[in-house]
Every structure is written in C-alpha cells, then in structure tokens.
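Worksheet for the structure shown next.
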Amino acid sequence: MSDSVQVYEVGPRDGLQNEARAIATADKVALVDQLTDCGFSAIEVTSFVSPKWVPQLADAADVMAAINRRPGTRYACLTPNMRGFEGAKAAKADEVAIFAAASEGFSQKNINCSIEESFARFAPIIEAAKPLGLPVRGYLSCVIACPYDGAIAPEQVADVAGRLLDMGCYQVSLGDTIGAGTPETTADMLRAVIERVPAERLAGHFHETGGRALANIEASLDFGLRVFDTSIGGLGGCPYAPGAQGNVASEAVATRLEALGLTTGLDLERLAAVAQFSKTLRG
Ligand code: HMG
Ligand code: MG
C-alpha cells in the first residue's frame, strides 16, 4: 500500500458554507489561492446549489472565475442537480461532486428528496460528465450516524456507497457528517463498505464534533484508505446537520500523516499561515 496520502482540501466549500457572516468574494478567492500555494492536488472551491439553501455560496461563479489556477491542482464544485452541473461546467470546474446520504432523514433535510429520488437527479449528471471527461466524485453523508435518524447500519452505508460507484463516481467520500464516529465504529463501517467498494476508490471525510477525527483517519489508514477530506483551520460544518462542527483541520492531518511517515506533498509552514488567515474569515 502506498505511503503517499492525498489530503483533499474542502475548506472553501464545506468550511465556508456554514459561516453565517457574509464573506467577501475576494476573501474566498484569496483563501483558494493561498491553498493552491500550499501544494494541494485538489481543492473543493464552492457549490452550485440553491442560494436559498446556502446563501454563503451564492457567488460560486464569481469565485471560480477569479481564482488563480495552477497546473497539478484540480478545482472541484458540488453539484446537486443538472442546474448545478451546468453552472459548474460553465465555470470550468475540473471535477464535480454529487452528494447522497446513507439516511433518509438527512437526504430530505439536505437536498429535499429521498435517497431514491436523489439517484434519479444524479444519473443525468454522470451521463453529461462522461463525454466531457469530467470526473464525478460521490459523497455519502451520515456513514456513522444521522442527526435525524440516529445510528446507521454499516450495510446500509455499503449499499449506497456501492450504488454511487456503480453509477460512475470515480471515488466515494464517506462522510461522518456529525463527527459521531470512533475508531471502532469507523472500522465496523469500513469493513462492510470495503466488501462493496475497494479501498482505493474510497475517501474519508471526518468532521470533528467528537474530537476523534484524527483517530478515525488512523483507523481508516489501516483499511487502506489514502484520501482524506480536510478543511483548513478546521473551518465549517453543515447547515443541515445541527451540531456538526468543521472538518478535521488540514494542518493537523498533514502534520499527523507526515509524523506517521506518510507523504502529503504539502508545505506545512504555508499551511499554518493559511490556517491563521482562515480564522480571520470566521464570524
Ligand atoms: P428544492 O427546493 O427541492 O429544488 O431544492 P427546486 O428544484 O424546487 O428548486 C428550488 C429553488 O432553487 C428554485 O428557485 C430553483 O430554481 C433553485 P425559485 O424558483 O424558488 O426561485 N435551484 C437552484 N439554484 C441554483 N443552483 C442550483 C439550483 N437548483 C435549484 N443548482 C436543492 C433542491 C438540491 C436545489 C436544494 O435542496 C439545495 O440546494 N441543497 C443544497 C444543500 C447543501 O448544499 N448542503 C450542504 C452540502 S452537503 C454537505 O455539506 C455534506 C458533505 O460535506 C459530506 C458530509 O459531511 O457528510 C458533502
Ligand atoms: Mg462535510
């Protein structure tokens, strides 16, 4: 198994989407540009979602138009439906992400439809992305527990993750949306998912509510996962998951991975400086 780990930066999207205070477009662009300089191979920049649902990211097209792109970094956007996909395509996103849930309660609250209906919305996105050669990432929320439905069975997670893979996602990112996981429940979940989706097609997406995200990443490394979503400065949460805090902080993950002898390709000093800048954006 490889000793190189991809740290997938989602702070500008997953982090900022949760900030109630209006953040200037120029500050969002500055954040993305500074993250590019840290050496990330992928940065999730924004979402093409309804501005009524996530007002903070209503400037998605403006942010995408203003960032400085560096070869070697992919700039990604969240797309819940074809309208979002068209926006991301026009904005020249390098990859798009669809987002499903392992629980019915979260699917309804987050995207206003059932899990089944969400797959019907995602199918045309996959079809439209294919001829363009645009990679589609699949998120799966509430892989441990749901703020509305409680604990989620690992078999249910495996089933929906498998469907995302089968429909054409190049990778499935497993979201512990409310930071409920422990190394033990993370291992139980991964044991079931890996029966359905190979480790090399999985990413871990841990929020920090329980303070166990780093331990959950280490548990995931044991299962062969080598991609982890993180948020600079630990920004964020999810506006439709009450109590969810930010993603595990990029700088903490990079530091821990390097200490474990794994390589991330990231500049740790720059990361620390950008983490400081990210904190000035918080309300
Ligand atoms: P809906 O109300 O069921 O859909 O929302 P609709 O088709 O009836 O549209 C409602 C309005 O939104 C209409 O406008 C549409 O035109 C507009 P109106 O006619 O009322 O003026 N609209 C759009 N506008 C811009 N871009 C679009 C778009 N689509 C419709 N793409 C919808 C359904 C999916 C749109 C809505 O529920 C939504 O936008 N949800 C997004 C919620 C969200 O972004 N949540 C956070 C991201 S997920 C997350 O954080 C979890 C993750 O990090 C993993 C983890 O941690 O677990 C990924
Ligand atoms: Mg998230």
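The values are calculated or read from the model by the stated rules, or taken from the named source; none is laboratory data. Worth saying up front: this structure is predicted, and the values here are computed from it rather than measured. Positions of Cβ are generated from backbone atoms using ideal geometry, with glycine treated the same way; all protein chains shown enter the neighbour counts. Surface accessibility is based on the protein's heavy atoms, side chains included, excluding ligands, DNA and RNA. Shrake-Rupley method; radii C 1.70, N 1.55, O 1.52, S 1.80 Å.
I'd like to verify something in the chain: which complete DSSP H helices, judged by Cα projection on the helix axis, reach 15 Å or more and average at least -1.0 on the Kyte-Doolittle scale? Please report the intermediate quantities before stating the final value.
Numbers: long enough: 25-38 (20 Å, 0.20); 115-129 (21 Å, 0.59); 154-167 (20 Å, 0.07); 183-194 (16 Å, 0.29); 268-280 (19 Å, 0.24).
Length and hydropathy pass: 25-38, 115-129, 154-167, 183-194, 268-280.
Taking the Cα centre of the chain as the origin, how large is its charge dipole in debye, to the nearest 20, when only Lys and Arg (+1) and Asp and Glu (-1) carry charge on their Cβ atoms?
Working: 24 positive and 34 negative charges, 136 e Å.
In debye, rounded to 20, the chain gives about 660.
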Share of accessible surface on carbon and sulfur in the chain, whole %, 1.4 Å probe and ligands ignored, is 52 percent
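Suppose all protein chains stay in the model; what accessible area per residue would a 1.4 Å probe give for the stretch 6-279, in Å²?
Working: 10160 Å² over 274 residues.
With all protein chains present, the stretch 6-279 gives 37 Å² per residue.
Please report, in debye to the nearest 20, how large the charge dipole of the stretch 27-144 is about its Cα centre when each Lys and Arg carries +1 at its beta carbon and each Asp and Glu carries -1 there.
Roughly 140 debye for the stretch 27-144.
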Here P(r) for the chain, Cα-Cα distances in 5 Å bins, as whole percents, is 1, 6, 14, 19, 21, 19, 13, 7, 1
Under a Gaussian network model of the chain whose springs join Cα atoms within less than 10 Å, the largest fluctuation of 65, 252, 158 belongs to 65
In deg cm²/dmol, rounded to the nearest 500, the helical mean residue ellipticity at 222 nm of the chain, built from -39500 (n - 2.57) for every DSSP H run of length 4 or more, is -12000 deg cm²/dmol
Listed residues 42, 88, 120; largest mean-square fluctuation, Gaussian network over the chain with Cα springs below 10 Å, found at 120
